[in-house]
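Here's the structure, in structure tokens; my notes come after.
Any read-out appearing in this document is the output of simple, stated calculations on the displayed coordinates, not a laboratory observation. Only a predicted model underlies this, so the values are computations on that prediction, with no experimental measurement involved. Quick reminder, even Gly has a Cβ in these numbers, built from the backbone with ideal geometry, and neighbours come from all protein chains shown.
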């Protein structure tokens, strides 16, 4: 049962720059909003002992976006390790589905009390699997980017 | 002994918008940086029992600013009440002193533990007076915007 | 026929600060989004000869807002002058209607080709009147803040 | 003759988030400022026919940074291709040199009139070489990430 997580974002005028389109730094606002909403679904009982931190993010800029446009961020889980997992974000235009950018990021499960990384909690792992594309399911246990 | 507080800020490209100049929301980043640095000087031992919150801010936009420009924020204390005080920020171009914007804001002294406003601590009041223009000194005790 | 313009905004984590709630600079992102959407409705054929610039904005901070909250920005036209008009923004919590902040701002009609302010175009004036509270209609022609 | 490009940035309160440290999206503000200042040095006569666009960026988050801290962004050129080049940014604390984050990004030379990528202009190539670490000079012509 494969789920995709999707949110819609409106491009604010303040998110553009003097070149006329969305500034390169604004894309990360959209990806963070997508991640935050996904995490709220898959780890609703987040607390200081069982939380997550962003370890890295990569963004490929594909096409410009403009003030007033409606965009869609589609997020999937592309890899699940022991203590960390990787997400893929696709940013597309709502109107025609045109790709604007794609990003991948690694999130690490973290205990802020003891200040060290922790194993992915079982209920979180179960929820992450629901957002994995079928083709990736077999790669689940490899943990390429694991911490 | 009248002091003016001054900081320099560099206009980031990300702070401009598609019209080609600094976005109206970015000015508040500069004013907050000025305020934060001033507060660090005049209330270095800030803590949850003796802190400050911003109650209001007003900005008049006078002339556009552009990516890469160096600006100066000059801050003075324009009014001191019982529990609150008012600052004036002037935003000018470093190159020629041209006025870009002016702002005024009211800050309230606050105890975050008990969650209520407090009297301006005496050492803070003494420090605030150093940043008052001479012409304003006589108005000190009126507290027009006071809380 | 009085209309209120309303938009919903989601508080992004990036819009909060280390005190734990929405940073004072982020409110202006919400107000700009509201204004932009309203202007798209009331002046859809905006161009360089017939555009608008923000002359001033004032914000009163009433209560904190937090990451993940849904807020509502309600906008009305509070004054219409010859070349400028004033808007009122109310920022409330979607859940319970609690007031978070209120703002007012003055927008000036502007010709970017000739670089000077212009009279409010008639079709814009007609549209602005639709967003005036009834009690304010009689004050329309005074133009207190006019440019 | 190897040069490193360095800028200092002050962490604004608005750049932190409710976790208490600099938000993941704010790092890109610092990297963009570094890039913009470097580009102003190495391609001062930038215009629509000979400009640059950001193709991708990657950031590894290493340690948190906090409001009021002074940080340093050190930038080097890590690869030069035919139409694109790669930069490395190191973000460190000014006080003790501690690493906060590292990033790499690919910039493509671009003609905005014809809307296509162009060869790196010779004078830009010469300037880029000055910012290459010596060990990387031999790899110059490979253009691994080239467009």
Original post:
Can you pull out the residues in segment C:69-83 that are touching a strand residue (DSSP E or B) at 6+ places or on another chain (Cβ under 6 Å) and not in a strand (DSSP E or B)?
Top reply: C:83
**OP:** Among residues belonging to segment D:1-32 that are over 17 Å from residue A:26 (Cα atoms), in contact with a strand residue (DSSP E or B) (Cβ under 7 Å, 6 or more places away or on another chain) and within 11 Å of chain C (Cβ to nearest Cβ), point out the one that is surrounded by the most Cβ atoms within 10 Å (Cβ to Cβ).
**Re:** D:11
Original post:
For segment A:85-106, what are the residues that are in contact with a helix residue (DSSP H, G or I) (Cβ under 8 Å, 6 or more places away or on another chain), closer than 20 Å to residue A:3 by Cα and touching a residue at least 60 places away in the same chain (Cβ under 8 Å)?
Top reply: A:91, A:103, A:105
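Quick check, is residue D:112 touching a strand residue (DSSP E or B) at 6+ places or on another chain (Cβ under 7 Å), free of Cβ contacts under 8 Å to residues at least 60 places away in the same chain and over 28 Å from residue C:21 (Cα atoms)? Lay out the reasoning, then the answer.
Values: touching a strand residue (DSSP E or B) at 6+ places or on another chain (Cβ under 7 Å): yes; free of Cβ contacts under 8 Å to residues at least 60 places away in the same chain: no; over 28 Å from residue C:21 (Cα atoms): yes.
Against the criterion (touching a strand residue (DSSP E or B) at 6+ places or on another chain (Cβ under 7 Å), free of Cβ contacts under 8 Å to residues at least 60 places away in the same chain and over 28 Å from residue C:21 (Cα atoms)), residue D:112 does not qualify.
Any chance segment A:90-98 includes a residue that's surrounded by 16 or more Cβ atoms within 10 Å (Cβ to Cβ), within 14 Å of chain B (Cβ to nearest Cβ) and over 19 Å from residue B:13 (Cβ atoms)?
If we filter segment A:90-98 for residues that are surrounded by 16 or more Cβ atoms within 10 Å (Cβ to Cβ), which is where we start, we get A:90-93.
Those left that are additionally within 14 Å of chain B (Cβ to nearest Cβ): none.
Among the residues of segment A:90-98, not one is surrounded by 16 or more Cβ atoms within 10 Å (Cβ to Cβ), within 14 Å of chain B (Cβ to nearest Cβ) and over 19 Å from residue B:13 (Cβ atoms), which makes the answer no.
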Subject >> Selection count, segment C:61-80, where residues are within 14 Å of the chain's Cα centre (by Cα) and surrounded by fewer than 21 Cβ atoms within 10 Å (Cβ to Cβ) >> reply: 4
**OP:** Please specify each residue of segment A:33-63 satisfying the condition of being assigned to a strand (DSSP E or B) and in contact with a strand residue (DSSP E or B) (Cβ under 9 Å, 6 or more places away or on another chain).
**Re:** A:50, A:51, A:52, A:53, A:54, A:55, A:56, A:57, A:58, A:59, A:60, A:61
**OP:** Evaluate the following for residue A:66: is it touching a residue at least 12 places away in the same chain (Cβ under 8 Å), part of a helix (DSSP H, G or I) and touching a strand residue (DSSP E or B) at 6+ places or on another chain (Cβ under 9 Å)?
**Re:** no
Subject >> Selection count where residues are in a helix (DSSP H, G or I) and within 18 Å of residue D:73 (Cα to Cα), scope segment D:3-32 >> reply: 7
Subject >> residue C:7 vs. criteria under 30 Å from residue C:113 (Cβ atoms), in contact (Cβ under 8 Å) with a residue 60 or more places away in the chain and touching a helix residue (DSSP H, G or I) at 6+ places or on another chain (Cβ under 6 Å) >> reply: no
**OP:** Specify the residue that is surrounded by the fewest Cβ atoms within 10 Å (Cβ to Cβ); the eligible residues are those in segment A:107-125 that are touching a helix residue (DSSP H, G or I) at 6+ places or on another chain (Cβ under 8 Å) and not in a strand (DSSP E or B).
**Re:** A:124
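Considering each residue of segment D:40-55, count those that are under 21 Å from residue D:103 (Cβ atoms), free of Cβ contacts under 8 Å to residues at least 60 places away in the same chain and away from chain A (no Cβ under 11 Å), and give that number.
The number of residues fulfilling the criteria is 1.
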Subject >> Verdict on residue C:82 being more than 7 Å from every other protein chain (Cβ to nearest Cβ), over 22 Å from residue C:8 (Cβ atoms) and free of Cβ contacts under 8 Å to residues at least 24 places away in the same chain >> reply: no
